[in-house]
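The values are calculated or read from the model by the stated rules, or taken from the named source; none is laboratory data. In this text, all values refer to a predicted model and were calculated from it rather than measured experimentally. Neighbour counts run over all protein chains shown; Cβ positions are idealised from the backbone, glycine included. Calculation scope for accessible area: heavy atoms of the full protein, side chains included, ligands and nucleic acids excluded. Shrake-Rupley method; radii C 1.70, N 1.55, O 1.52, S 1.80 Å.
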Amino acid sequence: MKRKHYILGIAMIATILASACMLSHIQSINASRTYHSLSGVSIILDPGHGGKDDGARAGNVKEQEINLKIAKKLETLLKNNGASVTLTRTGAYDLASANATNRKREDMKKRMEIINADKTDLFLSIHLNAYPNTSVKGAQAFYEKDNEVSKVFADIIQKNFKKLTGTNMTSKTGDYYILNNANKIGSLVECGFLSNDEDRTKLVTDEYQQDIAECLCNSVLEYFSFLS
Ligand SMILES: [Zn+2]
């Protein structure tokens with residue numbers, strides 16, 4: 001019993017400290033910048049998968065390719081709004097070294113190093129979904145459990161996804177490596193289901209990729225206005 005109380009006490013202190021850290025993060029952002037533009041904001045875009053890892057696939061349609069196209073369109077939009085933007089990958093490759101023994105692990109580790117760099121204000125990991133039930137469709141934003149600020153960001157994205165896609169999905173906590181290991185505010189977005197005919201038909205088009213990018217750019221702008 002005593003041990004239980006001790007552990008509970010530590011957990012409570014950890015939660016309070018985490019909240020205080022988050023608050024000071026927001027205050028430091030508020031104190032130093034205004035968000036009529038994204039000038040001075042550093043954003044990491046992480047197009048999921050790459051190299052031999054296509055992610056979800058439907059025939060010749062590869063998740064890794066569409067993720068990158070959306071990320072590049074979003075990069076342009078964010079830069080037009082004054083942000084400094086870094087992509088974790090800019091081509092059809094992964095980040096593991098040539099002789100890596102576990103490519104996936106090394107790739108993810110390198111993405112985390114880029115995301116967790118000191119200067120990062122916000123990250124977005126861009127993915128597409130697939131599901132055995134092919135009627136499931138829609139776009140969804142995920143955030144790290146117990147991270148209230150990332151939840152704010154994910155909720156804004158989800159609200160805008162709803163406008164774009166009509167989805168009834170809500171933002172959700174996600175057990176993803178990127179979310180679990182990031183020490184920055186951010187979200188992992190699943191922009192649609194390649195397993196669903198309607199989603200896939202839209203996702204392969206340049207126009208819809210641009211719509212998604214605009215939806216995400218507006219969400220970033222809205223998030224920073226919310227903070228200021
Ligand atoms: Zn993916």
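Here is a yes/no grid of residues against (1) closer than 17 Å to LEU78 by Cα; (2) surrounded by fewer than 22 Cβ atoms within 10 Å (Cβ to Cβ):
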{"residue": "ILE178", "(1), (2)": "no, no"}
{"residue": "ASN183", "(1), (2)": "no, yes"}
{"residue": "GLY186", "(1), (2)": "yes, no"}
{"residue": "GLY192", "(1), (2)": "no, no"}
{"residue": "THR201", "(1), (2)": "no, yes"}
{"residue": "ASP206", "(1), (2)": "no, yes"}
{"residue": "GLU222", "(1), (2)": "yes, yes"}
| Does THR173 satisfy being of a type in the set (Ser, Thr, Tyr), surrounded by fewer than 24 Cβ atoms within 10 Å (Cβ to Cβ) and farther than 24 Å from ILE44 by Cβ? | no
| request: Mind listing just one residue for me: the one in region 147-170 that is modelled with pLDDT of 95 or more and open to solvent by 50 Å² or more (accessible area, probe 1.4 Å) and, of those, nearest to ASN67 (Cα to Cα)? | output: LEU164
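Of the residues ASN80, ASN30, which is at pLDDT below 95 and more than 16 Å from the ligand (Cβ to nearest atom)? Break it down into steps so the answer makes sense when it comes.
Details: ASN80 fails: at pLDDT below 95.
Within the list ASN80, ASN30, the selection yields ASN30.
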| said: Name the residue that is most open to solvent (accessible area, probe 1.4 Å), counting only residues in region 107-129 that are more than 16 Å from ALA83 (Cβ to Cβ), away from the ligand (no atom under 16 Å from the Cβ) and not in a helix (DSSP H, G or I). | reply: ASP118
| message | Among (1) of a type outside the set (A, V, I, L, M); (2) surrounded by 14 or more Cβ atoms within 10 Å (Cβ to Cβ); (3) at pLDDT below 95, there is one condition ASN99 misses while meeting the rest; what is its number? | response | (2)
| query | Is it the case that region 57-80 has a residue that's on the phi < 0 side of the Ramachandran plot, surrounded by fewer than 21 Cβ atoms within 10 Å (Cβ to Cβ), within 19 Å of the chain's Cα centre (by Cα) and part of a loop (DSSP other than H, G, I, E, B)? | reply | no
